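For reference, the structure is listed below as structure tokens.
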């Protein structure tokens, strides 16, 4: 069953918000426990003028999987025939994507990614869930194991979560939507 998005979310999906507008939306949502994050989630970016806007979708990012608080796949991609593959985030050139977003979106870069993607496969969990205080609210957060990134989560409704990626390399947060999937 498809659950209609709140009006403000549908508007954001149709037209980018400024970072300040996005932060107001994020701050207005309820926190959630790490246990509420367990399961498989389909992801999509929410544009706010960040250099990573649209990049994950250009590479066919599927979402995230939270098997437990200590067993998380933060970057799940399709692997054909309804199969999925988790990638190791530490092997991805995030600095390149932030510094040269046009190059990162190029057909050449996507082609290279398609060829080397099997070499980027995660060999175990690549992140963990913890309760973290961010913007004066304690809520579930995903802490990457080998890169300086924390994804903070707030509850939109029982099926959707708003994510805010806090990257040490930039002061501007990146926003994304997670929608709960049925069991894979």
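Bear in mind these aren't lab numbers, they're just calculated from the coordinates by the rules spelled out. All values reported here derive from a predicted model rather than from experimental measurement.
For the reader, a short list of remarks on this structure follows.
- Read-out semi-axes √(5λ) of the Cα gyration tensor in Å, derived from the coordinates shown; its label in (1) 20, 20, 17; (2) 23, 20, 17; (3) 28, 17, 16: (2)
- The smallest convex shape that holds all Cα atoms of region 92-184, its convex hull, gives 143 Å³ per residue.
- Percent antiparallel among DSSP beta bridges (both partners in region 7-180, rounded to 5): 100 percent
- Length, then width, then depth: along the principal axes, the Cα atoms of region 66-137 run 40, 32, 19 Å.
- Choice from 129, 29, 164 with maximal GNM fluctuation in the chain (Cα, 10 Å cutoff): 29
- Diffusion coefficient, µm² s⁻¹, Stokes-Einstein with Kirkwood Rh over alpha-carbon pairs of region 1-85 at 4 °C and 1.567 mPa s: 87 µm²/s
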